[in-house]
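The values are calculated or read from the model by the stated rules, or taken from the named source; none is laboratory data. The shown structure was predicted, so the numbers you read here are calculated from the model rather than taken from an experiment. Methodologically, a virtual Cβ is constructed for each residue, glycine included, from the backbone with ideal geometry; neighbour enumeration extends over all protein chains shown.
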Amino acid sequence: MGAGHAHALYQHGHSTVHRMGPEAKLAAGFASVVAIATTPREAVWAFALHAAVLAAVVTAAELPPRFVLRRLAIVLPFVAFAFTIPFVAGGEEVTVLGVGLSRDGLWGTWNVLAKAVLGASVSIVVAGTTEEARIFKGLERLRVPVAITLIATFMLRYLTLIADELRRTRVAMRARGYAPRWLWEARPVASAAGAVFVRSYERGERVHAAMLARGFTGTMPELDTRTATRADWLRGATVAGVVAATALAAAVTT
Amino acid sequence: MRALAVAAHGLVFSYPDGHRALDGFDLEVSAGERVALLGPNGAGKTTFALHLNGIHVAEAGTVAIGDLRVAEPDLAEVRRRVGLVFQHADDQLFMPSVREDVAFGPANLGLRGGELDGRVERALVAVGAADVADRAPHHLSGGEKRRVALATVLAMEPDVLVLDEPTSGLDPAGRRELVEVLRSLAQTQIVITHDLPFALELCERAVIVDHGRVVAEGATAAVLGDAELLRAHRLELPYGFDPAVASRGR
Amino acid sequence: MHAPDGFLNAGTAVATGAISAGAIGVGLRQAREQLADRQVPLAGISAAFIFAAQMFNFPVAAGTTGHLLGGALAAILLGPAVGSVVVAVVVIVQALLFADGGVSALGYNVLNMAVVTAFGGYAVFRGLLRLLPRTATGVVFASGIAAGVSVVLSATAFSLEWLFGATFPVPFDTVFGAMVGVHLLIGIGEGVLTGLTVGAVLAARPDLVAGVHDLDRVALRDRASIGMRGFLLAGALVALLLATVVSQFAAPAPDGLERVAEDTGIAEVARDHALADAPFADYATHGLRNESLSLAVAGTAGVVITLAVGAGLVAAVRRGRGRGRASEGEHEHGPARAGVG
Ligand SMILES: Nc1ncnc2c1ncn2[C@@H]1O[C@H](COP(=O)(O)OP(=O)(O)O)[C@@H](O)[C@H]1O
Ligand SMILES: [Mg+2]
């Protein structure tokens, strides 16, 4: 949460990965994440392979590595948390630099770190190469209920507007000397949130009126007809296949 | 006399909280005419506009667009004929890209493929916004948003355009571009505005609305020349603006 | 609490995914009934509001800040059905687009952050409204406490999932104690902010608070002039109460509770089946200080959450039906009604 959300999600480009149909890209991403999440933690080599495949995809997508790394900051809280595991975990102990740590706990740290970073990277690559609206179009084609994808589309459309509104209210409060430090000074914040909710809801009603005015009858017209090609599916299946095969091999050998 | 494009008679409407926003509202507009709706905040202008395509339904009175009553079963056709441009462009532009937003209305009419693309293209060209077709609406400037909002209704090829405070929040250049676009359009236009010079520039006739009904009407220059009338309804000309002089220049 | 990929084992991810999908499916159906073709813009923009509210900091102590989670707030303002859908969409988008929370972890993240908070929080809210005066003050307090409790329920749900899906050796006791302890504190902030926000909406547009759709509007007109101190005191009391209960459970075998567990036979059952062939993760049961008691606690917590979420689901479904009838009635009254939606 927080700062991470402020960065641009989408990196404009024309790479093979950018041009892939969103449904193929999402399906491949989802399959890869599941494979990564189920890879046994002891198979360190498998995670190295996963990372290599991801790096190859990042290169093919012409995404600046700095972009991926900066957005990975979102997993930092869990990284910090992961490093506490060996201290609280039980089981057999090993001594590292004179400190007794749980062996299983150390594996736990590695497990959380590797999967959080790799899993987040997959999301970052998908979101970084697919316009927001097309992501939801892709989800819809993957049989996610239309209501969910449409609500998500509208949410992103109005997110910056509403966040800005909240921010402006906050600035206006500060301009009049409001500098709260304690929870019991929070009432003005809540009033502002309440007011912004009312305004948002009323905007929802106006948007609905604007939709009706242009002939909306409850279903959105299908406008984006660029579907994934056979080649797109093949590309997706190749990447996901390598990741899944790695995970499978790791499971068999450990 | 030309055929009536809009005929509203005796409209009465209350919001769910009981507030009576329209109270015997009458207005007739001839085909091809441009009428300014003036009046203080809360007079009921926006509420009236929402009756023109059946988004609000009056408790009493009737609205007709051409030969159609604004009611089922003709609501879909009425909504095609009446293009409503909302006061806040952000309420009107909800699709991910300008092109999709302009296509939303005609697509709801069932248009697809080349025909749809043609409509979108023509509407964007008409408002001078063809260059922003692939941008996201929320990244546009205020003036661009307003013109794209206009394009979204032009794409439905309406007979009547209703614009709710179209110049609010525009810079002078954006306002100038909007005047030019509107003057180039053949549709019947109902323009709700507080911008009296804008009304004078665009509309031959002006109507003053207050307390949910029409309280005065006449040639725009005459209405704006009646200082007493304006004051009674909280309307003010910009400092130093003389409607008699300005309309002579037209 | 946006857990990353692989934080719980695959079985737990799949099971929670199925539960979440079921609950959100019910939410979706009821939301459609409630909002009809207004669903997309209204739920979409409300989701944007909840998302934005989560980025909005409020003061906690000595200049440190926290932020809203918003599950109970969404349910109280929008009703449990729309509220749960809205928060679920927020969580899904955060995982997919913002890489905040794992995509393969969506099952438990949606369950904990959307389903449990919205349905559970709503059930607590409506339950409290039966006890508290049905005035603005009562609604504000009920919202605040429900929101605080919803956060604790969410933390408890995570601990229970840990019992089944742990991936490293920290026993259930420890996770439960730590999660609930921390979230009791977070819950105070969530409760205060939610209560006051609902109060602000109630003052401006009481018709927009879906959670009180059936209350008398006139009675809600009392200007909720709740002293901040009273509110914090109430929050602290509830937290203290919960903390006492929890610490009793989590303490290494407090006699009283042990006895209760023995008497009611929960301990017996728990001991018999205990770890032998239970689907619990070894990691979560290994090193439990008192197996039977811990399992009794887990069982009780599981029942409480299931009841709360179940009650919320029932309320959502019943509400949807009531609404359907109400709006038909309104149409009969004719043209007084605004809008066609
Ligand atoms: N959704 C609503 N609910 C209740 N009252 C409303 C609503 N919208 C407008 N009103 C009230 O109806 C009256 C007319 O509003 P409106 O038509 O927006 O005025 P105008 O556009 O002339 O400024 C005002 O008093 C306003 O407060
Ligand atoms: Mg208005």
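Figures for the structure shown
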{"item": "Only one of B:V209, B:V223, B:V160 that is within 16 Å of ligand 2 (Cβ to nearest atom), crowded, with 19+ Cβ neighbours inside 10 Å, touching a residue at least 40 places away in the same chain (Cβ under 8 Å) and within 27 Å of B:G24 (Cα to Cα)", "result": "B:V209"}
{"item": "Some residue of segment C:158-166 being part of a helix (DSSP H, G or I), within 13 Å of the chain's Cα centre (by Cα) and touching a residue at least 24 places away in the same chain (Cβ under 8 Å)", "result": "yes"}
{"item": "Residue under evaluation A:R157, criteria (1) at pLDDT 85 or above; (2) in contact with a Lys or Arg (Cβ under 8 Å, 6 or more places away or on another chain), criterion not met", "result": "(2)"}
{"item": "Unique residue being in contact (Cβ under 8 Å) with a residue 24 or more places away in the chain, buried (at least 24 other Cβ atoms within 10 Å of the Cβ) and more than 7 Å from chain C (Cβ to nearest Cβ) when the list is A:T169, A:T130", "result": "A:T130"}
{"item": "Scope segment B:16-57; condition free of Cβ contacts under 8 Å to residues at least 24 places away in the same chain, within 8 Å of ligand 1 (Cβ to nearest atom) and either within 14 Å of another protein chain (Cβ to nearest Cβ) or farther than 25 Å from B:L235 by Cα (or both); matching residues", "result": "B:P16, B:D17, B:H19"}
{"item": "Test result for A:H14, in contact with a Ser or Thr (Cβ under 6 Å, 6 or more places away or on another chain) and surrounded by fewer than 21 Cβ atoms within 10 Å (Cβ to Cβ)", "result": "no"}
{"item": "For A:R41: the one exception among (1) buried (at least 20 other Cβ atoms within 10 Å of the Cβ); (2) more than 11 Å from every other protein chain (Cβ to nearest Cβ)", "result": "(2)"}
{"item": "Residue check for C:I45: assigned to a helix (DSSP H, G or I), aliphatic (A, V, I, L, M) and more than 9 Å from chain A (Cβ to nearest Cβ)", "result": "no"}
{"item": "Of all residues in segment B:56-105 being touching a Lys or Arg at 6+ places or on another chain (Cβ under 6 Å) and under 26 Å from B:A31 (Cβ atoms), the one that is modelled with the lowest pLDDT", "result": "B:G105"}
{"item": "Residue list for segment B:164-195, filter: in contact (Cβ under 8 Å) with a residue 60 or more places away in the chain, surrounded by fewer than 22 Cβ atoms within 10 Å (Cβ to Cβ) and among the hydroxyl-bearing types (S, T, Y)", "result": "B:S168"}
{"item": "Residue list for segment A:26-77, restricted to those being in a helix (DSSP H, G or I), polar (S, T, N, Q) and touching a residue at least 12 places away in the same chain (Cβ under 8 Å)", "result": "A:S32, A:T38"}
{"item": "Exclusive hit being farther than 30 Å from B:L116 by Cβ, surrounded by fewer than 22 Cβ atoms within 10 Å (Cβ to Cβ) and in contact with a strand residue (DSSP E or B) (Cβ under 8 Å, 6 or more places away or on another chain), set B:E228, B:E236, B:E204", "result": "B:E204"}
{"item": "Evaluation of B:F48 against (1) within 14 Å of the chain's Cα centre (by Cα); (2) modelled with pLDDT of 95 or more; (3) more than 16 Å from ligand 2 (Cβ to nearest atom) (one fails), failing number", "result": "(3)"}
{"item": "Selection from segment B:101-155 of residues that are surrounded by fewer than 21 Cβ atoms within 10 Å (Cβ to Cβ), under 20 Å from A:E131 (Cα atoms) and not hydrophobic (A, V, I, L, M, F, W, C)", "result": "B:D131, B:D134, B:R135, B:H138, B:H139"}
{"item": "Top-ranked residue of segment B:122-167 - restricted to ones that are within 16 Å of ligand 1 (Cβ to nearest atom) and of a type outside the set (D, E, K, R), ranked as farthest from the chain's Cα centre (by Cα)", "result": "B:T167"}
{"item": "Considering residues of segment B:79-88 that are within 10 Å of chain A (Cβ to nearest Cβ) and away from ligand 1 (no atom under 16 Å from the Cβ) only, the residue farthest from A:R199 (Cα to Cα)", "result": "B:R80"}
{"item": "Selection count, segment B:168-212, where residues are under 11 Å from the mean Cα position of the chain (by Cα) and within 16 Å of ligand 1 (Cβ to nearest atom)", "result": "4"}
{"item": "When residues of segment A:45-90 are limited to those that are within 18 Å of A:S102 (Cβ to Cβ), surrounded by fewer than 16 Cβ atoms within 10 Å (Cβ to Cβ) and of a type outside the set (F, W, Y), the one farthest from the other protein chains (Cβ to nearest Cβ)", "result": "A:A80"}
{"item": "Enumerated helices (runs of 4 or more DSSP H) restricted to segment B:83-133, each holding at least 2 residues that are touching a residue at least 12 places away in the same chain (Cβ under 8 Å) and within 20 Å of A:M155 (Cα to Cα)", "result": "B:89-92, B:98-108"}
{"item": "Residue in segment B:58-68 that is assigned to a loop (DSSP other than H, G, I, E, B), within 16 Å of ligand 1 (Cβ to nearest atom) and either of a type in the set (A, V, I, L, M, F, W, C) or over 18 Å from B:Y15 (Cα atoms) (or both) present", "result": "yes"}
{"item": "Segment A:172-195, residues that are facing chain C (nearest Cβ under 7 Å) and either assigned to a helix (DSSP H, G or I) or closer than 21 Å to B:T47 by Cα (or both)", "result": "A:L183, A:W184, A:E185, A:R187, A:V189, A:A190, A:S191, A:A193, A:G194, A:A195"}
